[in-house]
Number of protein chains: 2
Amino acid sequence: MAEAHYLSMSRRLRKTPFTSRTKAQGVTAFTVYNHMMLPTVFESLEADYWHLCDAVQVWDVSVERQISLKGPDATRLIQWMTPRDLSGIASDRCVYLPLADERGRLINDPVGIRLAEDHWWLSISDSDVALWAKGLARGAGLDVRVEEADVWPLAVQGPLAEQLMARVFGDTVKNIRFFRYARLNYRNHSFIVARSGWSKQGGFEIYVDDVIVGQALYDELFDKGKDLQVRPGCPNLIERLESGLLAFGNDMDARHSVLESGLGGFLSLDTTIDSLSMEALKAERAAGLDRRLVGIAVEAPYGPSPLAENPFISAETNLSASAQPLPEVILQQSDLTHCLGSQAWSPRYRHQLATAMLEEPLAGATDTVVVLADGSTTQARICSLPFDFEKLGILPHSPLPTPAAEALSLTLS
Amino acid sequence: MAEAHYLSMSRRLRKTPFTSRTKAQGVTAFTVYNHMMLPTVFESLEADYWHLCDAVQVWDVSVERQISLKGPDATRLIQWMTPRDLSGIASDRCVYLPLADERGRLINDPVGIRLAEDHWWLSISDSDVALWAKGLARGAGLDVRVEEADVWPLAVQGPLAEQLMARVFGDTVKNIRFFRYARLNYRNHSFIVARSGWSKQGGFEIYVDDVIVGQALYDELFDKGKDLQVRPGCPNLIERLESGLLAFGNDMDARHSVLESGLGGFLSLDTTIDSLSMEALKAERAAGLDRRLVGIAVEAPYGPSPLAENPFISAETNLSASAQPLPEVILQQSDLTHCLGSQAWSPRYRHQLATAMLEEPLAGATDTVVVLADGSTTQARICSLPFDFEKLGILPHSPLPTPAAEALSLTLS
């Protein structure tokens with residue numbers, strides 16, 4: 001059942017300054033993100049997960065491309081793009097900025113850094129935000145230069161991340177607060193270093209803007225972390241689902257509004273900021289939502305129990321009694337019925353975890369019947385995100401003797 | 001040396017209506033293009049090549065996403081985006097439209113189809129053109145709706161393509177001229193069918209806009225083509241290099257101007273059209289080009305002879321005498337020195353073929369010394385594109401007894 005296919009390399013799928021290193025270190029799979037290579041698996045999804053939660057990993061997240069917006073109108077343009085109020089953002093802050101169009105639909109959800117009064121970097125997820133910004137600026141005659149910067153972020157993640165970073169950058173890293181950044185010196189080069197990263201295990205992101213110095217830094221992180229069991233790693237599907245970190249394109253996409261995606265808490269809908277999506281989002285909030293992103297949890301004590309592509313059936317449908325093959329799901333712009341997002345088996349909670357964009361009233365239910373990939377049906381919990389395992393009464397476990405999630409590690413990410 | 005890595009599947013890398021079929025038919029590798037899966041190899045790059053030149057293949061090129069621009073200002077917006085004159089385009093024409101920004105740099109190079117006076121589809125290469133168009137339209141207050149259409153093109157390519165298409169759609173397909181389209185009926189559904197496709201072996205593209213009918217069509221093409229040796233296929237690197245078909249992102253990218261990319265013949269720089277890039281491109285033409293996309297041919301009678309990542313050395317550099325590892329190339333926005341594009345070994349011409357964006361005066365030379373992937377150096381021809389093998393005195397051959405290009409088939413595309 002495991003469908004493993006090779007990725008054809010080409011110049012169009014850009015390498016990073018660290019690709020030759022992650023290959024030498026045994027990366028087994030990649031995905032493609034912002035026209036660039038992103039490692040997805042080293043030892044295995046499950047082994048990588050436990051290690052991330054126990055020690056420290058260095059991640060090549062160069063695919064977090066930095067879109068540079070510079071000029072007198074840079075802040076005005078970004079405010080158009082995001083319904084989050086930019087006024088009063090401290091100069092050393094990293095700020096999560098859902099971007100939305102005039103219909104309130106998601107364009108991307110970058111983390112923004114304000115480098116100077118007239119200069120921002122947007123650290124984007126997977127869509128060409130630079131093209132949208134360039135179009136808006138040119139169409140409206142704004143004075144701002146938009147380009148992709150030559151920056152390839154490295155993340156250092158895990159409970160031992162601070163210890164490793166202090167060995168390389170000095171104890172000054174300990175003073176960086178969560179979602180703040182500082183400019184730190186390394187071999188006579190100044191890097192922006194933030195306490196951030198796409199896991200909840202703690203850590204930092206280094207905005208590498210020099211290939212040669214960045215490669216030396218990469219190597220030194222491994223040299224100085226040997227006794228900390230440092231390993232190469234990457235954003236981990238299990239960890240990020242357990243932690244409720246959303247992935248644009250997987251959990252929600254350009255068909256969904258910012259509010260449907262559960263990002264309302266980041267918006268400033270009660271202010272008078274000049275933002276393209278304000279009107280649509282206010283109207284949507286007033287009318288109430290037809291669909292919402294939720295969490296799904298299926299008890300699976302002995303290993304993966306993957307959900308079917310379209311797992312949501314009405315109670316009346318007796319699918320197991322029919323000989324029909326399970327329907328495959330082809331994403332369509334025009335089709336917004338119940339939609340499964342990401343899924344993975346959590347070896348810690350021994351549940352199959354998933355996200356799903358569900359229509360009301362199902363979105364508001366607490367449980368339902370779902371179809372599994374093998375065609376059988378079972379009971380599933382529906383909950384808000386991030387998962388509150390304690391509230392759900394789901395207890396954590398230690399690792400099973402042998403990794404059980406391998407069959408899935410290549411088909412899901 | 002062959003570096004084979006798996007592609008991690010996820011919802012973000014969208015499947016097409018035909019992905020389950022190409023998997024069942026034995027696809028071995030994919031690439032990712034416009035956030036969607038594109039098959040790249042079935043039997044092998046070389047076997048797929050000979051078959052494409054001999055028979056007929058059905059390609060899942062759903063990744064050629066259709067950006068729909070509809071409204072009173074649709075044509076005005078597209079004219080902004082392309083420096084090619086849109087006036088007088090016949091209603092049944094497919095038209096190649098390089099898109100360029102105000103600096104004359106490439107954004108994409110779609111084929112446009114005018115569906116109605118106020119409605120176009122742009123069949124795009126790999127970048128989010130919809131975001132650029134949405135930005136321009138919103139910024140300038142144009143009355144046009146921009147969205148990705150639910151269309152998944154199929155290509156039928158090869159010398160027997162017309163014969164197969166006639167069996168499915170009737171002899172009317174024979175009346176469609178090159179780069180023209182017609183609306184043809186299939187099972188009570190009207191499909192746009194064009195005589196086009198990303199090979200020079202002849203064929204058609206069917207703009208499938210219905211999943212179920214499209215899947216039936218896919219299956220019928222295979223049913224009715226058995227005696228024509230129909231096979232699943234995909235754009236083939238060897239064939240498209242021999243034919244001089246360029247790939248945005250591989251041969252040229254957003255750092256290069258339309259003129260540098262050799263697309264000047266498609267532009268209308270001596271007209272007064274209202275297009276964003278006109279001024280920059282006229283100035284560039286007047287000043288003369290600093291760099292140009294050219295072809296590279298290295299004699300390789302016995303099999304692949306891959307070029308190094310950075311193969312262009314000055315005659316003085318005695319690379320073979322040094323113990324230095326070959327430098328790796330990390331593409332940077334700010335770096336525009338000699339740059340290798342795509343490469344493949346042509347089993348027909350028994351040469352290693354490549355594209356390269358070369359600076360003057362090298363771009364105007366007829367030969368140079370290049371570094372190969374094994375660190376040795378050899379003589380290479382430099383020529384204009386497409387390759388004119390007759391003029392170069394390079395003779396065609398029949399297949400070698402055993403395919404020799406396998407070692408490369410996964411590392412290059």
Quiz item: Taking Cα pairs under 8 Å and at least six residues apart, what relative contact order does chain A come out at, in percent?
Solution: 18
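What does the C-alpha gyration tensor say about the overall shape of region B:84-146? Classify as rounded when a/c is under 1.5, otherwise prolate if a/b is larger than b/c, or oblate. Display every interim value, and only then the final one.
Working: a/c = 1.68, a/b = 1.21, b/c = 1.39.
Oblate, because a/c is 1.5 or more while a/b does not exceed b/c.
Given a 1.4 Å probe and heavy atoms of the protein chains only, how would you sort A:Thr366, B:Thr271, A:Thr272, largest accessible area at the top?
Values: A:Thr366 90, B:Thr271 45, A:Thr272 140 Å².
From most accessible down to least: A:Thr272, A:Thr366, B:Thr271.
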Exercise. Sort shortest first the distances from B:His119 to its counterpart in every other copy, using label points 7 Å along the Cα-to-beta-carbon line, and give them in nm.
Key: 4.8
Quiz prompt | Average projection area in nm² (convex hull over Cα atoms of region B:47-106, one quarter of hull surface) | solution = 6.8
Quiz prompt | chain B - share of DSSP beta bridges that are antiparallel (%, nearest 5) | solution = 90
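Longer than 30 Å from Cα to Cα, which of A:Lys200/B:Lys134; A:Lys15/A:Lys200; B:Lys23/B:Lys224; B:Lys15/B:Lys174; A:Lys23/B:Lys134 are they? Say none if no pair is. Intermediate results must be reported in sequence, preceding the final value.
Numbers: A:Lys200/B:Lys134 35 Å; A:Lys15/A:Lys200 27 Å; B:Lys23/B:Lys224 20 Å; B:Lys15/B:Lys174 32 Å; A:Lys23/B:Lys134 38 Å.
Checking Cα-Cα distances, A:Lys200/B:Lys134; B:Lys15/B:Lys174; A:Lys23/B:Lys134 exceed 30 Å.
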Quiz item: Taking the label point as lying 7 angstrom from Cα along the Cα-to-Cβ axis, what are the distances from B:Ser268 to the corresponding position in the remaining copies, in ascending order and in nanometres?
Solution: 4.4
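By its C-alpha gyration tensor, with a ≥ b ≥ c as the square roots of the eigenvalues, how is region B:227-317 shaped: rounded for a/c under 1.5, else prolate for a/b larger than b/c, else oblate?
Working: a/c = 3.14, a/b = 1.37, b/c = 2.29.
The shape class here is oblate.
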Self-check item: Accessible surface of A:Phe179 - all protein chains present, 1.4 Å probe, nearest 10 Å²
Solution: 50
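Determine the shielding of peptide B:141-149 by partner chains: average, over its residues, the number of Cβ atoms on other chains within 10 angstrom of each Cβ. The partial results should precede the final answer.
Working: counts 2, 1, 0, 0, 0, 2, 3, 4, 3.
Mean partner-chain Cβ count within 10 Å for B:141-149: 2.
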Exercise. Using only Cα atoms, figure out Rg for region A:1-103 and give it as a multiple of 2.2 N^0.38 Å.
Key: 1.44
Quiz prompt | For region A:49-95 versus region A:368-389, the gap between their alpha-carbon centres in whole angstrom | solution = 33
Exercise. Select from A:Ala161, A:Ala247, A:Ala287 the residue whose mean-square fluctuation is largest in a Gaussian network model of chain A (Cα-Cα springs shorter than 10 Å).
Key: A:Ala287
Exercise. For the protein assembly as shown, compute Rh as the Kirkwood radius over C-alpha pairs and then the Stokes-Einstein diffusion coefficient at 25 °C and 0.890 mPa s; write the answer in µm²/s, rounded to an integer.
Key: 88
Quiz prompt | Per-selection Rg to Rh, chain A - Cα, Kirkwood hydrodynamic radius | solution = 0.96
Quiz item: Which net charge results when you count Lys and Arg as +1 and Asp and Glu as -1 among the other residues whose beta-carbon is under 12 Å from that of B:Tyr207?
Solution: -3
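Peptide A:32-40: average number of partner chain Cβ atoms within 10 Å per residue? It would help to have the intermediate numbers written out before the result.
Details: counts 10, 4, 0, 8, 1, 1, 1, 2, 6.
The shielding value for this peptide is 4.
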Quiz item: Once the Cβ-Cβ distance between B:Ala287 and B:Phe266 is put in as r, and R0 is 22 Å, what FRET efficiency do you end up with, to the nearest 0.05?
Solution: 0.65
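The values are calculated or read from the model by the stated rules, or taken from the named source; none is laboratory data. Fair warning: this is a prediction, and the values are worked out from it, not measured in the lab. So basically every Cβ, Gly included, is an ideal-geometry build from the backbone, and we count neighbours across all protein chains shown. These accessible areas exclude ligands, DNA and RNA; they are computed on the full protein's heavy atoms, side chains included. Shrake-Rupley method; radii C 1.70, N 1.55, O 1.52, S 1.80 Å.
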